[in-house]
Ligand SMILES: Cc1cc2nc3c(=O)[nH]c(=O)nc-3n(C[C@H](O)[C@H](O)[C@H](O)COP(=O)(O)OP(=O)(O)OC[C@H]3O[C@@H](n4cnc5c(N)ncnc54)[C@H](O)[C@@H]3O)c2cc1C
């Protein structure tokens, strides 16, 4: 079996496959070293219903509210209800979730009606990743192959996926089962919280192999990245859960005029409020005022943020933190069912690269580590032969033929035109820019590098086409000409090479 990607989704999938198939031999191939992934950067934590007065119903409702009508309710219920069992697995693997007295210390984040975020101070992702990495490295039947970038999926005459081709040394790895766990697409944008590995490779490979993709217009922007050139450092939402407030440079607390939950509203609302406010004030950023948080508490609960800010000359919580939104999370991805199965036989997708239907039009904070874990488990169960279902044949929207599928210019046009506030003219401009970039690229001699660039342009194009199809505003997709939700569009945007 071949798993591509070494974040939480890839490692957890390997761990669970071995639980259900004790004799399975697994290769995990990953683009750079075994560590680089979005997973390692996750600070805030993992959402899970753990203690009363919280309830599964409340977590389900919060997820549906954030997703603005596009979540698949059965997937939400499945994910939320299986969360605690998967968290027990992490505890068993040694993840040292932060405790307060005898109980876990639960944080609250935007869109959550309760404190339900388990965390390891502000280093949750790296702590979970370390524990899974240990489990994987200690397993003699799992082989890890770093510095192997997948560039094409292989298939047999029946269209069944049979492994992948990698750039390094022109290597081919054949496999009876292939799992894409390649993360999101944030790095296609000029400003992002994502590491360099997040270029959406798996989505492009699956699409080119014939799998459908869903909701690629739904790029979530995290409201609070440290506002500093070349410094994609994220300031966790949990600070707002502890009382920090977003204010303008003049000290005006503005978020309540956009949403009743103010600074703790879902991310789409807060990011859009920041941009709208900056357009009014002509400021380049806003401030996160943490003065209501005691310094000792801040330093103890958020040690990495505390120290990183000091290195940047910001002495929080006394001084406010300059912040602005950036591209953060790919809510859509490769269309899969509840067991991670894509359209292509023997090809699975798990984690941020997949579109399970959990996030809809806007992911609820701290639901993505949860999703990666739960569906890595469900996919392992299916891979072990316990279930075999295929995806239902939902119709795909027609792709504009002839629209073509280097890359500062791509990052810039996506940021400028397919960003937090969108216009039809902007989306069309992005489409033209991508078309002209493709034209220029095709004049270069054929090479692996050109192919990688083509994949990025393809993804950019799919994002723009998806956004153009949605003539309404919903969740993270805010379109000036159509500022309201429209029930006609209360469905996934699905694109594919083949029309079913
Ligand atoms: C700064 C930051 C903070 C976050 N905080 C939180 C949080 O507090 N809570 C939460 O729930 N979520 C959070 N998220 C989101 C969450 O971390 C990610 O959605 C999640 O970790 C994705 O896991 P993954 O395994 O799907 O992908 P990743 O962790 O990104 O792993 C993808 C892997 O695929 C590899 N790969 C990519 N392309 C290829 C290729 N072509 N060939 C081979 N390998 C490839 C990469 O090298 C990497 O190893 C945060 C994200 C960021 C960036």
Helices (runs of 4 or more DSSP H) within region 267-379 that include 3 or more residues touching a strand residue (DSSP E or B) at 6+ places or on another chain (Cβ under 9 Å): 267-281, 303-311
Count - residues of region 344-354 that are surrounded by 24 or more Cβ atoms within 10 Å (Cβ to Cβ) and either within 12 Å of the ligand (Cβ to nearest atom) or more than 15 Å from residue 374 (Cβ to Cβ) (or both): 7
Selection within region 45-61 - surrounded by fewer than 24 Cβ atoms within 10 Å (Cβ to Cβ) and in contact with a strand residue (DSSP E or B) (Cβ under 9 Å, 6 or more places away or on another chain): 50, 51
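Could you tell me which of the residues 430, 425 is under 21 Å from residue 328 (Cα atoms), outside the structural domain of residue 267 (by TED's automatic domain parsing), modelled with pLDDT of 95 or more and in a helix (DSSP H, G or I)?
Unique residue meeting the criteria: 430.
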Candidates 33, 62, filtered to the one that is under 23 Å from residue 259 (Cα atoms) and modelled with pLDDT of 95 or more: 62
Some residue of region 122-132 being at pLDDT below 95 and either within 30 Å of residue 474 (Cβ to Cβ) or crowded, with 22+ Cβ neighbours inside 10 Å (or both): yes
Any hit, region 371-381, residues being touching a helix residue (DSSP H, G or I) at 6+ places or on another chain (Cβ under 7 Å), within 16 Å of the ligand (Cβ to nearest atom) and modelled with pLDDT under 95: no
Residue list for region 237-264, filter: in contact with a strand residue (DSSP E or B) (Cβ under 8 Å, 6 or more places away or on another chain), farther than 15 Å from residue 320 by Cβ and not in a helix (DSSP H, G or I): 237
Where residue 335 falls short, out of the listed (1) surrounded by 24 or more Cβ atoms within 10 Å (Cβ to Cβ); (2) over 27 Å from residue 466 (Cα atoms); (3) more than 14 Å from the ligand (Cβ to nearest atom): (2)
Any helices (runs of 4 or more DSSP H) falling wholly within region 1-93 and containing at least 3 residues that are closer than 30 Å to residue 307 by Cβ and in the same structural domain as residue 147 (by TED's automatic domain parsing): 8-20, 73-92
Unique residue being crowded, with 18+ Cβ neighbours inside 10 Å and not assigned by TED's automatic domain parsing to the domain that holds residue 195 when the list is 241, 251, 230: 241
Qualifying residue in region 18-27 (condition: under 21 Å from the mean Cα position of the chain (by Cα) and within 13 Å of the ligand (Cβ to nearest atom)): no
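The values are calculated or read from the model by the stated rules, or taken from the named source; none is laboratory data. Just so we're clear, the structure is a prediction, and the values are computed from it rather than from any experiment. All Cβ positions, even for glycine, are placed from backbone atoms using ideal geometry, and neighbour counts span all protein chains on display.
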